[in-house]
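The values are calculated or read from the model by the stated rules, or taken from the named source; none is laboratory data. All values reported here derive from a predicted model rather than from experimental measurement. Cβ: placed from backbone, ideal geometry, glycine included. Neighbour counts: every protein chain shown. Heads up: the accessible areas ignore ligands, DNA and RNA and are worked out on the full protein's heavy atoms, side chains in. Shrake-Rupley method; radii C 1.70, N 1.55, O 1.52, S 1.80 Å.
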Amino acid sequence: MLLACAALFGACSRAEVHRQEAYVFGTRVDVSVYGSDPAEARRAMDAVLREFDRLHAAYHAWKPSELTRLNEALARGETVEVSEELAMLLRDAQAMAATGGELFDPALGRLVALWGFHTDEFVPVQPEPEALQALLDARPRMADLSIVGRQVSSRNPMVQIDLGGYAKGYALERAAAILREKGSTNALVNIGGNVIALGAKGDQPWRIGIQHPREPRPLATMPLYDGEAIGTSGDYQRYFESGGERFSHLLDPRTGYPARGTQALTVLITGREHAGTLSDGPSKPAFIAGDAWREYTRRYGIDHALRVAADGRVEVTRALRARLQWVPGSQADLVVD
């Protein structure tokens, strides 16, 4: 009888996808867990969302946080002791900025603020030319930071750290670690288009879409395998229009203005250490570089990438093209190695 009950219980406990959504980091977050125990899945997803709330509060770019306290100290020319975690994030972001030729640089928080992107209720603004030029002349960059253990200082008081283009990738890393700790080894985490996959959805891989930057549909779909992550930088995520022009939050440090040459840049990070983090920051220099995008994805060892140019032309690497299933009406205009 006991064996029969056990068999019956097993038959009734079918695996399925359990989901929770939230709004964190200024975007929609979706956590999906595939499993047969709803309570276990819920505990794991709750733990992930609590961690996201912690990260959001700790490293907020303009509301009181450990990061804003650091920025205030740097502006006064002071050395400040930060948490082990923040010191690690700063070192990693510093190295990532150097690899990308400083086209994407988290030290440009003042520039982001000048364009009005440091607010929950976004109000479009264009910087005063004098203020913009003064900031360009000061040239704040991550290389100005000195990070010795937990002691952080800057030789440039105009440095203001904004981890907005980096933190989502780190959050994916934390989510993956927490899910594994909780026993949820088949899951998909999506933070506003930055996605990491664990395991699979039953006998099928997880499947995601690459958003069309100008239409409410995907360009293509693709499988995402265990340990892989994908991220997109696009001018359709945070932007305003003025005088018939689109001004996005992806700013070119060489000009101080939003980058113009690209609508969207997607990178797929195959299973490797720090795949989540690499799905976020490295897409920015490639986006900003315009027609030179492939040079910048190579700098990070990324072979799977897709770009939608300003004129709508779709360019894709040979490696990523082999993974894509194009939506009718979409195709690659150029394939590169």
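Key figures
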quantity	calculated
Filter pass, Arg43 being charged (D, E, K, R), part of a helix (DSSP H, G or I) and without any contact (Cβ under 8 Å) to a residue 24 or more places away in the chain	no
Residues within the stretch 61-83 that are in a loop (DSSP other than H, G, I, E, B) and buried (at least 20 other Cβ atoms within 10 Å of the Cβ), tallied	2
Among the residues listed as Leu224, Leu250, the single one being more than 28 Å from Thr119 (Cα to Cα) and at pLDDT 95 or above	Leu224
From the options Thr255, Thr232, Thr266, Thr185, residue that is part of a strand (DSSP E or B), of a type in the set (Ser, Thr, Tyr) and more than 22 Å from Tyr23 (Cβ to Cβ)	Thr266
Residue within the stretch 29-47 that is within 22 Å of Arg150 (Cβ to Cβ), hydrophobic (A, V, I, L, M, F, W, C) and either touching a strand residue (DSSP E or B) at 6+ places or on another chain (Cβ under 8 Å) or surrounded by 15 or more Cβ atoms within 10 Å (Cβ to Cβ) (or both) present	no
Check on Pro223, without any contact (Cβ under 8 Å) to a residue 40 or more places away in the chain and surrounded by fewer than 17 Cβ atoms within 10 Å (Cβ to Cβ)	no
Residue tally, condition assigned to a helix (DSSP H, G or I) and either in contact with a helix residue (DSSP H, G or I) (Cβ under 7 Å, 6 or more places away or on another chain) or among the acidic types (Asp, Glu) (or both), over the stretch 155-182	12
Residue tally, condition farther than 16 Å from Asn194 by Cα and without any contact (Cβ under 8 Å) to a residue 60 or more places away in the chain, over the stretch 46-68	13
Residue, surrounded by the fewest Cβ atoms within 10 Å (Cβ to Cβ), within the stretch 96-154, restricted to residues that are among the β-branched types (Val, Ile, Thr), touching a residue at least 12 places away in the same chain (Cβ under 8 Å) and not in a helix (DSSP H, G or I)	Thr119
Which listed residue is without any contact (Cβ under 8 Å) to a residue 40 or more places away in the chain and more than 18 Å from the chain's Cα centre (by Cα), from Val267, Val327, Val316	Val316
Filter result for Leu55 (at pLDDT 95 or above, open to solvent by less than 20 Å² (accessible area, probe 1.4 Å), within 20 Å of the chain's Cα centre (by Cα) and closer than 19 Å to Met158 by Cα)	no
Residue tally, condition surrounded by fewer than 24 Cβ atoms within 10 Å (Cβ to Cβ) and not in a helix (DSSP H, G or I), over the stretch 269-284	5
Residue check, Glu181 charged (D, E, K, R), out of contact with any His (no Cβ under 6 Å at 6 or more places or on another chain), closer than 25 Å to Arg321 by Cβ and open to solvent by 50 Å² or more (accessible area, probe 1.4 Å)	no
Sole exception among (1) of a type outside the set (A, V, I, L, M); (2) under 24 Å from Met142 (Cβ atoms); (3) open to solvent by 50 Å² or more (accessible area, probe 1.4 Å); (4) out of contact with any strand residue (DSSP E or B) (no Cβ under 8 Å at 6 or more places or on another chain) for Gly256, by number	(3)
Within the stretch 296-337, tally of residues that are hydrophobic (A, V, I, L, M, F, W, C), within 28 Å of Asp105 (Cβ to Cβ), touching a Leu at 6+ places or on another chain (Cβ under 9 Å) and not in a strand (DSSP E or B)	3
Residue pairs meeting the criteria (Cβ under 9 Å; at least 6 apart or on separate chains; first closer than 11 Å to Phe52 by Cβ and at pLDDT 90 or above, in the stretch 9-30; second part of a strand (DSSP E or B) and open to solvent by 60 Å² or more (accessible area, probe 1.4 Å))	Ala22/Arg28; Val29/Glu21; Val29/Tyr23
